[in-house]
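Student: Got a structure for you, questions after.
The values are calculated or read from the model by the stated rules, or taken from the named source; none is laboratory data. None of the values given here were measured: they were computed from a predicted structure. Cβ placement follows ideal geometry from the backbone for every residue including glycine, while neighbour counts extend to all protein chains displayed. The accessibility values were calculated without ligands, DNA or RNA, using every heavy atom of the protein model including side chains. Shrake-Rupley method; radii C 1.70, N 1.55, O 1.52, S 1.80 Å.
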Amino acid sequence: MLQQKGGIEKRFQNYLEEFVKRGFHVSVLYASEKSNYHRVEKVAYQRVPIGIVPFRSLRKIFFARKVDKVLLSAEYEKDLKLSMGRTGKADIVIAAGNYPETNPSDISASNWFYHPMYYLDKESFKSSGIIMAASTQVKNELKKLFDISDSKINVLHPPVKSKDFYVMTATEKQQVADKHKVDHTKTNFLFVSTGHKRKGLGFLLDIFAELDPDRYELFVAGNKFESRLKNVHSLGFQQNTNELYNMVDCLLHPASYEAFGQVITESLLCGTPVLVSDRVGAKEIIENGSGKVLPFEITDRWLTAIKEVRKKGDEIQIGHIRGELDIAVHIDKMLAGWKNYNN
């Protein structure tokens, strides 16, 4: 589905814009489209109808089968075929990951009805060329679950449009603080999510219930909810997350599973340190001074780390992150990996 929601969708839009900028003739195969989706100029969009299919998982299977036929047709000759996941016959397939507590038996052909997503991934990886894993964590999962050789998988961290995430001026930060009623006498934290349960909101609510509300506050961006805690504020969905990262002292991401975690790189680019769980793929880019990796749901460790966060003064040093995760550099690495695989 074409929609403006989540990290993989944002990544897809970045890809389209960068390929168009480079002069590629880009075509997109899709099944459905949200009414508020913003199409990229100069991209040819081709709907692949699947008819009326009752279950979401079955719709994905029907779509994958239809895409196979389109890609194998004589009239659909392309220099490069890129899959954003769960469709096959591509030159490059993006493995965003999502394999918590998965067993190899879950993805066998006989279990396709009960575990269709894993089954589709297996078929996609088998019939496509090189695989781009979002993190080393995902690469290791792919090798274990799908018995894929190391040479077929490249680790390619999700990109960001670095111009969209930057350290704001003191005046701009104050305007944002006033807008969201941020009290800078307190230490302020941010949680950004469209899937609150897996990303760890419940755990954070328990944490902030134990913290002094006159000293610590948490702002939550994403799906709206009612908070009973005076130091937890639900902001609902926010289009401009750059200003949110700038208005707080630290980003929290205690996910039970996260293939990478694009909010982490976005926060770092805004000069805001992070606390993440050890089940988050982006833990491998956190350097000294930019944050901490903490054990999943060990309350006392998280409480201690949160209390040790200081008011933001000098911006953190993010070293190579801005350059390496820029969308243009990312595409260069993707194309180089594809060419090396085929040589």
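Student: Under the rule a/c < 1.5 gives rounded, and otherwise a/b versus b/c splits prolate from oblate, where does segment 177-310 land using the Cα gyration tensor?
Tutor: Taking the square roots of the gyration eigenvalues as a ≥ b ≥ c, segment 177-310 is rounded.
Student: Taking the alpha-carbon distance from Lys152 and a cut-off under 17 Å, which lysines remain once sequence neighbours fewer than 8 residues away in the same chain are dropped?
Tutor: Lys81, Lys89, Lys122, Lys126, Lys139, Lys143, Lys144, Lys333, Lys339
Student: Now, a different point. Shape call for segment 47-100 from the C-alpha gyration tensor, a ≥ b ≥ c root eigenvalues: rounded (a/c under 1.5), prolate (a/b greater than b/c) or oblate?
Tutor: oblate
Student: Over segment 9-100, average the accessible area per residue using a 1.4 Å probe and give it in Å², no decimals.
Tutor: 58
Student: For labels at Gln13 and Val329 in the simple 7 Å Cα→Cβ model, what's the distance in nm?
Tutor: 2.3
Student: For the chain, treating each Cα as an identical point scatterer without solvent, what Debye log10 I(q)/I(0) comes out at q = 0.11, 0.13 1/Å?
Tutor: Scattering profile of the chain, log10 relative to I(0): -0.78, -1.06.
Student: Still on this structure: With the chain treated as a Gaussian network of Cα nodes joined by springs under 10 Å, which of Asn14, Asn242, Asn288 yields the largest mean-square fluctuation?
Tutor: Looking only at Asn14, Asn242, Asn288, the biggest GNM fluctuation is shown by Asn288.
Student: To one decimal place, what orientation-averaged projected area in nm² is obtained for the convex hull of the Cα set of segment 256-343?
Tutor: 6.9
Student: Next question. Per residue, how much accessible area does segment 127-187 show when a 1.4 Å probe rolls over the protein heavy atoms, in square angstrom?
Tutor: On a per-residue basis, segment 127-187 sits at 49 Å².
Student: Looking at the chain, identify the longest residue range that excludes and avoids all chymotrypsin sites (Phe, Trp or Tyr not before Pro) in DSSP loops having at most 12 other Cβ atoms within 10 Å.
Tutor: 115-224
Student: Tell me the carbon and sulfur percent of the accessible area for the chain, rounded to whole percent, probe radius 1.4 Å.
Tutor: 50
Student: Give a quick list of GluC sites (Glu not before Pro) in segment 265-299 that DSSP marks as loop, anything other than H, G, I, E or B, with at most 16 other Cβ atoms within 10 Å.
Tutor: Loop-located and lightly packed - Glu287, Glu297.
Student: Which order do you get for Glu141, Glu172 if you rank them by accessible area with a 1.4 Å probe, largest at the top?
Tutor: Solvent-accessible surface, decreasing: Glu172, Glu141.
Student: On to the next question. Going through the DSSP H helices of the chain, which span 18 Å or more along their own axis at the Cα atoms while scoring at least 0.0 as a mean Kyte-Doolittle hydropathy?
Tutor: Both cut-offs are met by 56-72.
Student: May I ask for the net charge around Lys81, where only other residues with Cβ less than 12 Å from the Cβ of Lys81 are counted and Lys, Arg are +1 while Asp, Glu are -1?
Tutor: Its environment carries a net charge of -2.
Student: Can you tell me the alpha carbon radius of gyration of segment 17-80 divided by the globular rule-of-thumb value 2.2 N^0.38 Å?
Tutor: My calculation over the Cα atoms of segment 17-80 gives 1.27.
Student: Could you tell me the accessible area of Lys179 in Å² (1.4 Å probe, neighbours in place), rounded to the nearest ten?
Tutor: Here the accessible area works out near 120 Å².
Student: May I ask you to derive the FRET efficiency for Asp278 and Lys152 from their Cβ-Cβ distance with R0 = 35 Å, giving the value to the nearest 0.05?
Tutor: 0.85
Student: Right, another one. Placing unit charges on C-beta atoms (Lys and Arg positive, Asp and Glu negative, everything else neutral), compute the dipole magnitude of the chain about its Cα centre in debye, rounded to 20.
Tutor: With only Lys, Arg, Asp and Glu charged at Cβ, the dipole is about 960 debye.
Student: What does the extension gain come out to for His184 and Asn240, with contour length at 0.36 nm per residue minus their alpha carbon separation?
Tutor: Full extension of this stretch gives 18.1 nm more.
Student: Please work out how much accessible surface Arg59 shows to a 1.4 Å probe, ignoring ligands, DNA and RNA, in Å² rounded to 10.
Tutor: 90
Student: In terms of the Cα gyration tensor, with a ≥ b ≥ c the square roots of its eigenvalues, is segment 171-236 rounded because a/c is under 1.5, prolate because a/b exceeds b/c, or oblate?
Tutor: Oblate shape, in that a/c is at least 1.5 and b/c is the bigger or equal ratio.
Student: Continuing with the same structure: What does the net charge come to around Val20 if you take all other residues with beta carbon closer than 13 Å to its beta carbon, with K and R at +1 and D and E at -1?
Tutor: Computed value for this residue: +1.
Student: Would you tell me the accessible area of Glu9, worked out with a 1.4 angstrom probe on the heavy atoms of the protein chains, in Å² to the nearest 10?
Tutor: Only protein atoms counted, so the area is about 40 Å².
Student: Note down the nm distance, to one decimal, between modelled labels 7 Å out along Cα→Cβ at Ala170 and at Lys197.
Tutor: If labels sit at Ala170 and Lys197, their model points lie 4.6 nm apart.
Student: Continuing with the same structure: With a probe of 1.4 Å, find how much accessible area segment 266-343 has per residue, and write the answer as a whole number in Å².
Tutor: 49
Student: Can you give me the P(r) profile for segment 43-196? Cα pairs, bins 10 angstrom wide beginning at 0, each as a whole percent.
Tutor: Over segment 43-196, the share of Cα pairs per 10 Å bin runs 9, 29, 27, 17, 14, 5, 0 percent.
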